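Every number in this text was worked out from the coordinates using simple rules, so none of it is lab data. Because the structure is predicted, anything quoted here is derived from the model rather than measured. FYI the Cβ positions are ideal-geometry reconstructions off the backbone, even for glycines, and counts take in every protein chain you see.
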Amino acid sequence: MTTRSARPAARSAAPRSGAPKPAGPKSGQRVRSSFVVVANRLPVDRVVLPDGSTDWRTSPGGLVSALAPVMRKNHGAWVGWHGAADEELEPFVDDGLQLVPVPLSAMEVEEYYEGFSNGTLWPLYHDVVEFPEYHREWWDAYVKVNQRFADAAAATAKRNGTVWVQDYQLQLVPQMLRDKRPDLTIGFFLHIPFPPVELFQQLPWRRQVLAGLLGADLVGFQLPGGSANFVRLVRQRVGLPTHRDRIQHPDGRETVARAYPIAIDARGYQELADEPTTLARAAEIRQDLGDPRTVFLGVDRLDYTKGLKQRIRAFGELFASGQLDPDEVVFVQVATPSRERVDKYRQLRDEIDRLVGRINGDLGRIGRSPIVYLHNSYPRDEMAALYKAADVMVVTPLRDGMNLVAKEYVACRSDGSGALVLSEFAGAAQELRQAFQVNPYDINGMKDVFLLADQASPLDLRRRMRAMRRQVFDHDIDRWAERYLADLRQTRGAER
Ligand code: F6P
């Protein structure tokens, strides 16, 4: 296994550029805003460095990268956890955003975050690719912590303001918030898939979760299928009347459920990718990789939903059979560390380490490893350089709400070159239809498609990339947020 090339972000060393200023509002002074986002994580994460000192890094995942630009435009306040246990922080300002930290104890991190959010809901909502665990004490912690987030949002939102609650960790917040602050307009957006009715029914607290979401005026999903599942469950389990995407409450209020496929700051990515320093870095990366004919690239959080084992196995077999020549082709896999204290994530890391080690041990030679595996997170400019350096991007999750990496790759390919291999089970597959689509469970099928993408003619690739770029640039993050927020205003306006 090799870990050469690319510069790690603050996770293991250097401070994040533009570190937060803890002195936004004065100590003890409350932040008040008309537009409040509530998410499990703040956009910056507090990390403890090996020498015991603390630092900040950009939080992992698509939620933060999608919402940060929206928040900057709307001058809102962001309520969320700062990533460290047993630590209370005052509100602070970072990069123009007002941040309101919500504290979690070590026990709550274990039971609410690692437990109910990521040991129960995460696998349940991702097609049960791993077994969800159901523990009553995890649920109790989920309720308690959701109440704390709701209280923090209620204290931050100005009268008649708007609060936008994010993702599966906080599904009870909309109703808790409504109970305290009926004056607010409340939105909710689920960044991950909403499961089929048959799977959701497993959840012992299914009714409470539905009731929590129904506190919102508008519940947003990535895909129409998720929103249809939700409406059907509300009809069956809660017994409320529904008409298309509208749910009627006994008091005359309505909740609307609709799909809003999340997007990226496409122009921002393109500009970054076309900067001379990024282009120079991309050339340097290719050189460091030994100037291969083809660079395949995977970029994922190290998560069992991402299909990493199947993907690495497919590459291993292609290299072993000689269908891909390790002297000409390299596969670079960036795996961002994630949920490292959760058992299943630890096991996955060990399995991937072993798999990559075996393939490189068998097939590599001095100065050349077929797989370059980077277990680290990287800043945006380094990611843009990697996208520029890659001939074929492989995004093959077993299930994914959307997958913004696929869209980021497309945004960075301003010369129209490059191939995208995309799982049918990523939300993005519904929009990026010209990608080389694969079933990630079918390893032979995936191998064929990797070869197809590698051998495709420049003309074919350009035609596909042109269509995908049109989609990504026409449906960017501004449009996503505008559409959602306009609909949210309208749902509430209709009621008043
Ligand atoms: O987009 C899904 C999501 O779980 C976000 O809610 C989250 O912030 C991100 O992925 C990263 O996961 P985590 O916050 O658990 O590191």
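(1) hydrophobic (A, V, I, L, M, F, W, C); (2) surrounded by fewer than 20 Cβ atoms within 10 Å (Cβ to Cβ); (3) in a strand (DSSP E or B): which one isn't true of ALA155, the others all being true?
Answer for ALA155: the failing condition is (3).
Somewhere in region 65-81, is a residue more than 21 Å from TYR484 (Cβ to Cβ), surrounded by fewer than 16 Cβ atoms within 10 Å (Cβ to Cβ) and away from the ligand (no atom under 16 Å from the Cβ)?
No, the conditions are met nowhere in region 65-81.
Let me spell it out: the conditions are (1) without any contact (Cβ under 8 Å) to a residue 60 or more places away in the chain; (2) buried (at least 21 other Cβ atoms within 10 Å of the Cβ), and ASN444 meets all of them except one. Which number is the exception?
If we test ASN444 against (1) without any contact (Cβ under 8 Å) to a residue 60 or more places away in the chain; (2) buried (at least 21 other Cβ atoms within 10 Å of the Cβ), just (2) comes out false.
Give me the residue from region 294-329 that is within 20 Å of ARG354 (Cβ to Cβ) and hydrophobic (A, V, I, L, M, F, W, C) and, out of that set, farthest from the ligand (Cβ to nearest atom).
Per the stated criteria, the residue is ALA320.
For region 275-295, which residues satisfy the criterion of being surrounded by 13 or more Cβ atoms within 10 Å (Cβ to Cβ), of a type outside the set (S, T, N, Q), part of a helix (DSSP H, G or I) and out of contact with any strand residue (DSSP E or B) (no Cβ under 7 Å at 6 or more places or on another chain)?
Passing the criteria: LEU279, ARG281, ALA282, ALA283, GLU284, ILE285, ASP288.
Considering only strands (runs of 3 or more DSSP E) fully contained in region 22-121, which possess at least 3 residues that are touching a helix residue (DSSP H, G or I) at 6+ places or on another chain (Cβ under 7 Å) and of a type in the set (A, V, I, L, M)?
Where strands (runs of 3 or more DSSP E) fall fully within region 22-121 and carry at least 3 residues being touching a helix residue (DSSP H, G or I) at 6+ places or on another chain (Cβ under 7 Å) and of a type in the set (A, V, I, L, M), they are 33-41.
Within region 296-327, track down each residue that is without any contact (Cβ under 8 Å) to a residue 60 or more places away in the chain, assigned to a helix (DSSP H, G or I) and not hydrophobic (A, V, I, L, M, F, W, C). Full working, then the answer.
Filtering region 296-327 for residues without any contact (Cβ under 8 Å) to a residue 60 or more places away in the chain gives 303, 308-309, 312, 316, 319-322, 325-327.
Okay, now just the ones that are also assigned to a helix (DSSP H, G or I), so 308-309, 312, 316, 319-321.
Within region 296-327, LYS309, GLY316, SER321 meet the criteria.
Yes/no matrix, rows are residues, columns are (1) away from the ligand (no atom under 16 Å from the Cβ); (2) touching a residue at least 24 places away in the same chain (Cβ under 8 Å):
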residue	(1), (2)
GLY83	no, yes
GLU87	yes, yes
LEU104	no, yes
GLY119	no, yes
PHE131	yes, no
ALA150	yes, yes
GLN169	no, yes
ARG178	yes, yes
ARG181	yes, yes
